[in-house]
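Everything below concerns the one structure shown next.
The values are calculated or read from the model by the stated rules, or taken from the named source; none is laboratory data. Every value quoted in this text rests on a predicted model; they were computed, and no experiment measured them. All Cβ positions, even for glycine, are placed from backbone atoms using ideal geometry, and neighbour counts span all protein chains on display.
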């Protein structure tokens, strides 16, 4: 039953990815006062499938002096990592009990760095290597802040199981208990998924397309799919940790889509950040703030435990 439900979940996620790309193109179109894709099928609904067919049936090229095997394996590794990450989806009827879900999430997001680094290095292209190095530096820096933010919230739950976030947010969402951390978390999600205004790995003005510049056809499609699957998963984690995680309610899925819409909206309205300011933001603002709040929440917890 677990295997069947997991396969069904992955199929639904892949379909979701295709329509999120359509939503992104349409929303960006309306932000920029144009229509976006609206020709293929009713209001452009068949556009994602057309894009997918075009990507997978176009010619697969590779640089002559690339490290051939690593070059081909890296996109597959990134996609498999995204698939594995989705096994954390909090099932209510508990197909199996994932008691260490938060630790598993931290491990998988840390592993994603290797796929990006190897895909940029194995392409044997200066631009791809520069893009991968910038991406790795950015993701590692923001992972530190993200883990500290999660530790602050784990003080309330005292469990690594994602289902416990639902039980502890029955009366009040963690959004209200740690309001500043919510905005730090959202900014860290943008940096983790290489989205605008933190898309330095894909700085089009100076790096063409970043670490994936030498990829075409299926390789590019796999990187693209893994990126959007991670965006949807980070939206899911935002809803689980801060927005109630009410799995009984349809609102839970609406809130996930609203966070995805926020990702797209930010891309449409904000210019790209400067790289040194990006690093200062996490090391000089997010990390000290999350550390201080962690000590505050831990002190309050010990205070209540002592007097109760």
Problem set entry | Selected residue (only one of 268, 218 is more than 24 Å from residue 31 (Cβ to Cβ), touching a residue at least 60 places away in the same chain (Cβ under 8 Å), in a helix (DSSP H, G or I) and touching a helix residue (DSSP H, G or I) at 6+ places or on another chain (Cβ under 9 Å)) | 218
For this session: Scan (1) touching a residue at least 24 places away in the same chain (Cβ under 8 Å); (2) more than 18 Å from residue 85 (Cα to Cα); (3) under 18 Å from the mean Cα position of the chain (by Cα); (4) assigned to a helix (DSSP H, G or I) for the single condition residue 234 breaks and write down its number.
Result: (2)
Seminar exercise, completed: Residue count, the range 158-175, condition without any contact (Cβ under 8 Å) to a residue 12 or more places away in the chain, surrounded by fewer than 19 Cβ atoms within 10 Å (Cβ to Cβ) and part of a helix (DSSP H, G or I), comes to 1
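Of the residues 80, 85, which single one is part of a helix (DSSP H, G or I), modelled with pLDDT of 90 or more, surrounded by fewer than 17 Cβ atoms within 10 Å (Cβ to Cβ) and under 21 Å from the mean Cα position of the chain (by Cα)? Before you say what the answer is, go through the steps one by one.
Numbers: 85 fails: surrounded by fewer than 17 Cβ atoms within 10 Å (Cβ to Cβ).
When all the criteria are applied, what remains is 80.
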For this session: Can you tell me which residue among 107, 119, 135, 141 is at negative phi, out of contact with any helix residue (DSSP H, G or I) (no Cβ under 9 Å at 6 or more places or on another chain) and either assigned to a helix (DSSP H, G or I) or surrounded by 20 or more Cβ atoms within 10 Å (Cβ to Cβ) (or both)?
Result: 107
Problem set entry | Of all residues making up the range 10-44, the number that are free of Cβ contacts under 8 Å to residues at least 40 places away in the same chain and assigned to a helix (DSSP H, G or I) | 13
For this session: Check whether at least one residue in the range 197-212 is modelled with pLDDT of 85 or more and crowded, with 18+ Cβ neighbours inside 10 Å, and report yes or no.
Result: no
For this session: Give the residue that is nearest to the chain's Cα centre (by Cα), with candidates limited to residues of the range 45-56 that are surrounded by fewer than 16 Cβ atoms within 10 Å (Cβ to Cβ), assigned to a helix (DSSP H, G or I) and free of Cβ contacts under 8 Å to residues at least 40 places away in the same chain.
Result: 49
Problem set entry | Residue check, residue 295 out of contact with any helix residue (DSSP H, G or I) (no Cβ under 9 Å at 6 or more places or on another chain) and within 17 Å of residue 178 (Cβ to Cβ) | yes
For this session: With the condition kept exactly as written, say whether any residue in the range 57-70 is closer than 30 Å to residue 271 by Cα and within 24 Å of the chain's Cα centre (by Cα).
Result: no
Problem set entry | Close pairs (9 angstrom Cβ cut-off, 6 or more residues apart or separate chains): in contact (Cβ under 8 Å) with a residue 60 or more places away in the chain in the range 288-303, loosely packed, with under 11 Cβ neighbours inside 10 Å anywhere | 301/158
